[in-house]
Structure formats: C-alpha cells, structure tokens
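Reading through the structure tokens given below for one structure.
The values are calculated or read from the model by the stated rules, or taken from the named source; none is laboratory data. Predicted model only: the values in this text are computed from it and were never measured. Every residue, glycine among them, receives a Cβ derived from its backbone with ideal geometry; neighbour counts consider all protein chains shown.
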Amino acid sequence: MGNSKLKGIRILAGMDAASLDALLEYGEIVEYATGDLIVMQGEKANAMFFLLQGKAGAYFSDPDGSEIHLRTMDDGDHFGEIGLLENGIRTANVKALEPCTLFRLDTRSFKRLLATPALATKFLHGLGRSLAIRLAAITSRFAEERALKEHLRRHSWL
C-alpha cells in the first residue's frame, strides 16, 4: 500500500512520507461495494474514515424515514472525526455511492496515536484545520440564511 494512498488525503497533506507510513500502522484499509452502508445514523461512533478511492454520500434520516443529502465525498475526503473525538453517536448515514477504499482509524488506535507526540501533533493539526474550515463554512451558510430570512421578513414575503 505504501504512503501514496494516504498522501492524497487532504487533512494529511502536511505530513511527510515517514509520518504517513507510521500512520498506516494505526488503522486498517477497508473496502465497500456500491450501496453499502459505511456508518449508520444512531449507532455508536468508534472510528473515523479517510476516503482513499471512491465516492460516498452522507445523509440524515428524518423520523418519517426520508433522507436529506448532506454532502458527497470523494478521494481525499474524510468523515467520522466528530464521533472519534467525542465518542458519541453517529449523526448521519454514510453510504458508498461507488466502490470505496477507505482507511479506518478506530478509537483504540486513535488513543495509541495520541501517545506518539510527534505523529499526533501533525495529525491533530490537519484535523483541527479541517474542522475550522467546516465550521467557517457552516457559520457562513447560517449567516446567509438568516440574512435572507430577515430580508424576506422586512419585505413581508414571510
């Protein structure tokens, strides 16, 4: 496998080849076929995933059973980090939209990784940066929606 597959993961872009090789020792490579459920909303979160190859979709299931598409992920993306950090419950379903190869890092391996400061620092820096970017995007979307609602309210369209 080598580090060439992990090299394409965006949040790991700041890691050198030796660090990527070391990181491979903490997780496992898993495969999913088109249509497979990778994680299920409501289940206990115990791992994060790095999408090495393929395409996956994240969906929120309403109580009535309908699904809301949240995002599509492809090569280089990741998901499940909130569950890994918080050891909580999955907030969405993630399905393979085509055959997927993923690197899976479970909670136990993550704790071992944290005990290796040089590797943990690089990994957590990339993860923190990714979370900051996502938070900024969500904040921006929220502000835009709020401004639109206020505009419509002022013009009596709501």
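General remarks:
- Members of the range 1-14 that are part of a loop (DSSP other than H, G, I, E, B) and either modelled with pLDDT of 90 or more or under 14 Å from Gly128 (Cα atoms) (or both): Ala13, Gly14
- Of all the numbered requirements in (1) in contact (Cβ under 8 Å) with a residue 24 or more places away in the chain; (2) outside any helix (DSSP H, G or I), His69 misses one, and that requirement is (1).
Here's the yes/no breakdown for (1) closer than 21 Å to Leu85 by Cα; (2) hydroxyl-bearing (Ser, Thr, Tyr); (3) within 17 Å of the chain's Cα centre (by Cα):
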site: Lys5; (1), (2), (3): no, no, yes
site: Ala13; (1), (2), (3): yes, no, yes
site: Leu37; (1), (2), (3): no, no, yes
site: Gly42; (1), (2), (3): yes, no, yes
site: Asn46; (1), (2), (3): yes, no, yes
site: Ala58; (1), (2), (3): yes, no, yes
site: Ser61; (1), (2), (3): no, yes, no
site: Ser66; (1), (2), (3): no, yes, no
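- Gly54 being of a type outside the set (A, V, I, L, M), in contact with a Phe, Trp or Tyr (Cβ under 9 Å, 6 or more places away or on another chain) and farther than 21 Å from Ile138 by Cα: yes
- Residue list for the range 77-103, filter: in a strand (DSSP E or B) and in contact with an Asp or Glu (Cβ under 6 Å, 6 or more places away or on another chain): Ala96, Thr101
- Leading residue by the ranking (farthest from Glu25 (Cα to Cα)) among those in the range 120-139 that are at pLDDT 75 or above and not hydrophobic (A, V, I, L, M, F, W, C): Thr139
- Listed by first and then second residue, the pairs with beta-carbon distance under 9 Å, at least 6 apart or on different chains, first residue in the range 104-132 and outside any helix (DSSP H, G or I), second surrounded by fewer than 16 Cβ atoms within 10 Å (Cβ to Cβ), are Arg104/Glu28; Arg104/Ile29; Arg104/Val30; Leu105/Glu28; Asp106/Glu28.
- Leu24 meets the conditions (1) under 16 Å from the mean Cα position of the chain (by Cα); (2) among the hydrophobic types (A, V, I, L, M, F, W, C); (3) surrounded by fewer than 17 Cβ atoms within 10 Å (Cβ to Cβ) in every case but one. The failed one is (1).
- Enumeration of residues in the range 112-129 that are touching a helix residue (DSSP H, G or I) at 6+ places or on another chain (Cβ under 7 Å) and small (Gly, Ala, Ser): Ala120, Gly126
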